[in-house]
Amino acid sequence: MLKSGQEEGAVKWGHVRFIGRVMAVVLALVSAGNIQAQDRSCSSDLDFTIITGGPFFLGDTLRVSANIGAGPIKGGSYLDISAFGFALNCHPGQDFASCTSEGNTVEFLGNLSTDCVDSAGNPVQLNVPESNVIPLTTVSGLPIRTPASTQCNVQFDIAVHELDGVDRRIIQAMGWPVPGFPPSRCNNGLSSSASSTIAYTMAACDIDLKKQISIDNGQNWLDADTSGTAPQLALGGDAQYRLVVKNTGSVAHTAPISVIDAALGINTSIAGLAAGQSTTITGAQIPALNVEGRCQSVGMLENVSSVSAECRSGNNPVSASDDDSAFVQCTGTPGIDIEKSTNGFDADAAPGPQIVVGAPVTWTYFVTNTGELALTGVSVTDDQGVSVSCPKTSLAAGESMTCTAAGVATAGQYANVGSVTGTPPV
């Protein structure tokens, strides 16, 4: 609370004195050769605060309560306040007179109430204009009047919507005079000024999750939060997961933290965390994080865990959430096999079937993907230049197809070799 104003005191002719922060100005009256002096002062009394219970979060409606009025007055009995101002958003070190907007988004919501009266003794109604510095004046145009050493109360609502990113502090000021309005004066003719400043911090509700995977029984833990950083795990291989949860906000979580991982069948909760506190959840706390036979088929596996926490419960809850992925590349061994027959005979060794010269010959190539990986670009060739026709060029793991070629029998022993190639995924 800061009290300020002006005071005049009895002094010798031509001298001026200063008392603390209150200025004394000589008013000399000359009569019959004698100097007469009159003591006068006009001081103000102003303080304000946020009466809404904290912590304060972005978007909250905050109730401001201001006590405005007069301090001790000499040579008078009351102070008329023509206008007082509320500065929404100041820089550190600024008072009401010097306040300039810092860059935060603060809204004046109104909802004004007051027990102040005007100079005619009537209850005050206040105007509600919009700007960084809100000048609050009476609807009637008459000043607010407060007797010496008396305050009246004004309340209104504000909300902080966005921060400038520098910090989370809000600095606000209140005072008079307000530019563009008459000065506030006591009924002894002296003017009065006032300034009061408050600062408060907007709370942050936040939570961070890092999901990690191990494929070597917990010896090494990998973030693996993209497919490009996924470790490779053979089919049937085991995987372990762990969750590192941290309260990255400025206030404690007020309820248990929800933990969900649909792929692993996890839907549980852990104790809330204090601001800055972290915890690591492993298979010891949640057995489903240890997965035997994680890779059942070849391909990329992703599963997502999520956490959510409350920083305020009740009718106006505030919560935070986060999620993180862990990828693993399930790999297998490629393999392919070809079996060739001549006119239905598996003639792997000489002499093979006997065929009349000039009779038709049909070669059959039975191709099987014997590996654990899908194959593309499957192609069958024959070392004798026979044209081989296949029904497809790709085979899933375990899949087979039959390719064929045709010719005419010639005299003598004949042998040809079929070969097959295929490309597994990279």
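Brief remarks follow.
- Looking only at the range 195-234, residues that are on the phi > 0 side of the Ramachandran plot, open to solvent by less than 70 Å² (accessible area, probe 1.4 Å) and over 29 Å from the mean Cα position of the chain (by Cα) come to 1 in all.
- Members of the range 393-423 found to be of a type outside the set (A, V, I, L, M, F, W, C), out of contact with any strand residue (DSSP E or B) (no Cβ under 6 Å at 6 or more places or on another chain) and under 16 Å from T376 (Cα atoms), listed by number: G398, E399
- Against the conditions (1) modelled with pLDDT under 90; (2) small (G, A, S); (3) on the phi < 0 side of the Ramachandran plot, G103 satisfies every one except (3).
- Some residue of the range 246-254 being touching a helix residue (DSSP H, G or I) at 6+ places or on another chain (Cβ under 7 Å) and open to solvent by 50 Å² or more (accessible area, probe 1.4 Å): no
- Within the range 191-225, the set of residues being outside any strand (DSSP E or B), touching a strand residue (DSSP E or B) at 6+ places or on another chain (Cβ under 9 Å) and within 23 Å of S278 (Cβ to Cβ) comprises A203, A204, C205, D206, I207, G218, N220, W221, D223, A224, D225.
- Test: residue in the range 344-358 that is of a type in the set (F, W, Y), assigned to a strand (DSSP E or B) and surrounded by 15 or more Cβ atoms within 10 Å (Cβ to Cβ): no
- Test: residue in the range 174-186 that is touching a Lys or Arg at 6+ places or on another chain (Cβ under 9 Å), open to solvent by less than 60 Å² (accessible area, probe 1.4 Å) and at pLDDT 95 or above: yes
- Candidates in the range 383-393 are the residues that are open to solvent by 50 Å² or more (accessible area, probe 1.4 Å) and not in a strand (DSSP E or B); of these, the one that is farthest from P360 (Cα to Cα) is T393.
- Strands (runs of 3 or more DSSP E) fully within the range 77-127 that include at least 3 residues being touching a Lys or Arg at 6+ places or on another chain (Cβ under 8 Å): 78-81.
- Of all residues in the range 394-417, those being open to solvent by less than 50 Å² (accessible area, probe 1.4 Å) and farther than 30 Å from S297 by Cβ number 4.
- Number of the condition not met by V166 [criteria: (1) at pLDDT below 95; (2) among the aliphatic types (A, V, I, L, M); (3) assigned to a strand (DSSP E or B)]: (3)
The values are calculated or read from the model by the stated rules, or taken from the named source; none is laboratory data. Values in this document were obtained by computation on a predicted structure and should not be read as measured data. Don't worry about glycine lacking a Cβ; one is built from the backbone with ideal geometry, like all the others, and counts go over all protein chains shown. Quick note on the areas: whole protein, heavy atoms, side chains included, nothing else; ligands and nucleic acids left out. Shrake-Rupley method; radii C 1.70, N 1.55, O 1.52, S 1.80 Å.
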